[in-house]
């Protein structure tokens with residue numbers, strides 16, 4: 001069983017150009033140098049984050065599961081224990097709020113058609129049945 005190589009953030013920081021580009025994502029260190037020309041967003045996106053912790057920008061973009069699987073081949077190690085950051089568990093938020101907000105929106109979507117129907121009925125009775 002091979003030992004996982006540990007890197008300090010200072011060491012990662014020195015790999016910040018197109019000759020050697022390292023990123024930290026969720027306390028894992030990746031050498032993305034060979035991936036620069038293949039990155040769908042362009043190499044500039046990776047170079048902008050090179051030598052840094054790119055966890056937040058990576059998560060903000062919402063990478064696919066395929067992209068996350070592809071990362072495995074670029075992993076070269078992990079951040080040393082004393083410099084590790086707490087990793088937030090990303091739970092997708094599929095709702096626009098809580099259940100009450102959803103039922104409230106549903107009621108509002110029915111309210112306008114019902115009011116229009118009632119008004120049309122009153123106008124019809126007033127003008128045509130009088």
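The values are calculated or read from the model by the stated rules, or taken from the named source; none is laboratory data. Note that the structure is a prediction, hence the values are computed from the model and not measured. All Cβ positions, even for glycine, are placed from backbone atoms using ideal geometry, and neighbour counts span all protein chains on display.
Here are the numbers:
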{"quantity": "Residues that are in a loop (DSSP other than H, G, I, E, B) and within 24 Å of the chain's Cα centre (by Cα), drawn from the range 11-39", "calculated": "26, 27, 32, 36, 37, 38, 39"}
{"quantity": "Condition check for residue 17: buried (at least 17 other Cβ atoms within 10 Å of the Cβ) and more than 19 Å from residue 3 (Cα to Cα)", "calculated": "no"}
{"quantity": "Selection from the range 47-71 of residues that are over 18 Å from the mean Cα position of the chain (by Cα) and assigned to a helix (DSSP H, G or I)", "calculated": "47"}
{"quantity": "Answer from 78, 104, 44 - the residue that is modelled with pLDDT of 90 or more and part of a helix (DSSP H, G or I)", "calculated": "44"}
{"quantity": "Some residue of the range 59-70 being in contact with a strand residue (DSSP E or B) (Cβ under 7 Å, 6 or more places away or on another chain), modelled with pLDDT of 85 or more and assigned by TED's automatic domain parsing to the domain that holds residue 46", "calculated": "no"}
{"quantity": "Per-region count, the range 68-83, residues free of Cβ contacts under 8 Å to residues at least 12 places away in the same chain and closer than 11 Å to residue 25 by Cβ", "calculated": "1"}
{"quantity": "Residue check, residue 9 touching a strand residue (DSSP E or B) at 6+ places or on another chain (Cβ under 9 Å) and without any contact (Cβ under 8 Å) to a residue 60 or more places away in the chain", "calculated": "no"}
